[in-house]
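Enquirer: Before I ask anything, let me first share the structure, which is written out below as structure tokens.
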Amino acid sequence: MLSIINKRNIFLHQKLVKSLYEQTLTRPLATHWDPKFRRLRKNKFTEPTLLDFDSNTKEKVKRGIEPPTSFIYKPINITSSKEIFDPYIPPEGDGKASLFSKEFAKGAVEKITKSTSKKFKHLRLIKKSDSNFDENLFAETAQQIYIDAHSILSKRDPEEMLNFVTENALMKMYHNMKFKTIRWKWIESLEEPVVKHLVTREMMVKTDLYAQVTVRIHSKQILAVYDRFGRLAFGSDTLPKDVLEYVVFEKHLSDPYGSWRLHDKIIPSWSPAKTPVIRSFALPEPYKTDDELEKRIVSKFKGDDSHLEKIQEEKS
């Protein structure tokens with residue numbers, strides 16, 4: 001019995017020695033069989049330049065642990081909003097319809113039937129923050145803000161523009177103005193400006209309150225836009241044009257130093273299409289034709305199929 005156990009132990013010992021010997025012979029595929037390439041393999045690895053972390057984070061990065069993300073918050077401008085809260089819908093035919101037309105009668109009925117409770121609610125909130133606000137006098141003030149904003153537009157001074165327009169209106173008014181010259185002039189007011197809509201809204205918290213007032217301005221203006229070559233691209237510098245606009249003015253009521261500024265314009269769906277801008281293009285080079293080459297082509301193919309027979313003979 002003991003002899004059998006001894007033989008078994010000897011067999012297992014031989015098998016273990018054999019396996020260890022085979023392990024020493026085998027090598028991983030990632031390393032080269034010749035040790036002289038060890039220095040070349042070392043040169044392949046370049047240590048990455050780590051950011052200015054603390055000592056604990058550097059050790060984690062070296063071990064392959066991803067560093068924590070840095071929370072960089074983008075600045076938020078709360079002096080103005082980015083939209084029109086409750087857009088006023090102008091009646092169709094406003095500025096063109098007579099007192100006895102269907103369009104005017106329809107708009108008058110809608111104005112009477114529309115509830116005015118919301119208007120008084122917003123008006124009360126505006127007067128609570130701005131005690132000097134008067135709906136009847138504000139239309140004239142808004143028209144003067146409108147004139148000052150468009151007069152300064154041609155000067156291309158954004159800092160001075162922000163005294164009369166919000167950041168939302170500044171981006172829209174300065175859009176596509178590069179390499180262009182603007183000439184704008186106020187001629188006269190065809191009708192007295194009228195306040196058409198009042199609305200207030202809270203943003204994020206109840207104490208952060210904004211107010212928007214829509215004013216109807218019907219005036220006569222001159223607008224001329226010149227491109228970078230000095231050519232007239234839009235409008236006219238001598239011919240005045242009647243302009244009917246619904247301008248939205250905004251004020252940050254929670255800001256004690258806030259002021260009324262031009263915020264946006266409402267374009268009705270029934271308004272006529274805008275006149276296209278006259279664009280300038282470089283003249284293309286004149287196309288040169290070779291008359292002799294055309295004569296040779298026509299003479300080669302005279303309208304018969306004799307040239308096809310020659311091609312077939314050459315192939316054969």
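Enquirer: Which pairs, out of 128/178; 119/180; 185/251; 74/172; 220/251; 206/274, put more than 31 Å between their alpha-carbon atoms?
Expert: Violating the 31 Å limit, Cα to Cα: 128/178; 119/180; 206/274.
Enquirer: Is the stretch 210-251 rounded, prolate or oblate when judged by the Cα gyration tensor, a ≥ b ≥ c being the square roots of its eigenvalues, rounded requiring a/c under 1.5 and prolate requiring a/b larger than b/c?
Expert: oblate
Enquirer: Check residue 264: other-chain or 5+ apart residues with amide H under 5 Å from its amide H, H built from backbone geometry?
Expert: Placed amide hydrogens put 248 under 5 Å from residue 264.
Enquirer: So who's got an amide H within less than 5 Å of the one on residue 233, skipping anything under 5 residues away but keeping other chains? H placed 1.01 Å off N, in plane.
Expert: Under 5 Å from the amide H of residue 233: 225, 226, 227.
Enquirer: So if we plug the beta-carbon distance of residue 176 and residue 41 into 1/(1 + (r/R0)^6) with R0 = 45 Å, what FRET efficiency do we get, rounded to 0.05?
Expert: Efficiency computed from Cβ-Cβ geometry: 0.20.
Enquirer: For residue 185 and residue 128, what does the FRET efficiency come to when R0 = 35 Å and r is the distance between their Cβ atoms, rounded to the nearest 0.05?
Expert: 0.35
Enquirer: How big is the stretch 192-279 in terms of Cα radius of gyration and Dmax, in angstroms?
Expert: Gyration radius and largest Cα-Cα distance of the stretch 192-279: 17.7, 52 Å.
Enquirer: Given R₀ = 51 Å, what would the calculated FRET efficiency be for residue 78 paired with residue 282, taking r from the Cβ atoms and rounding to 0.05?
Expert: 0.65
Enquirer: I'd like the Karplus ³J(HN,Hα) series for the stretch 199-210: coefficients 6.51, -1.76, 1.60, θ = phi - 60°, whole numbers in Hz, and an x wherever there's a Gly or Pro.
Expert: Once rounded to whole Hz, the list reads 7, 10, 8, 8, 10, 6, 10, 5, 6, 8, 10, 10.
Enquirer: Could you tell me the accessible area of residue 181 in Å² (1.4 Å probe, neighbours in place), rounded to the nearest ten?
Expert: 60 Å²
Enquirer: Would you pull out the residues with amide H under 5 Å of residue 253's amide H, same chain only if 5 or more places away, H placed 1.01 Å from N?
Expert: Distant-sequence amide H within range of residue 253: 209, 210, 211.
The values are calculated or read from the model by the stated rules, or taken from the named source; none is laboratory data. The structure presented is a predicted model; accordingly, all values stated were derived computationally and were not measured. Don't worry about glycine lacking a Cβ; one is built from the backbone with ideal geometry, like all the others, and counts go over all protein chains shown. These accessible areas exclude ligands, DNA and RNA; they are computed on the full protein's heavy atoms, side chains included. Shrake-Rupley method; radii C 1.70, N 1.55, O 1.52, S 1.80 Å.
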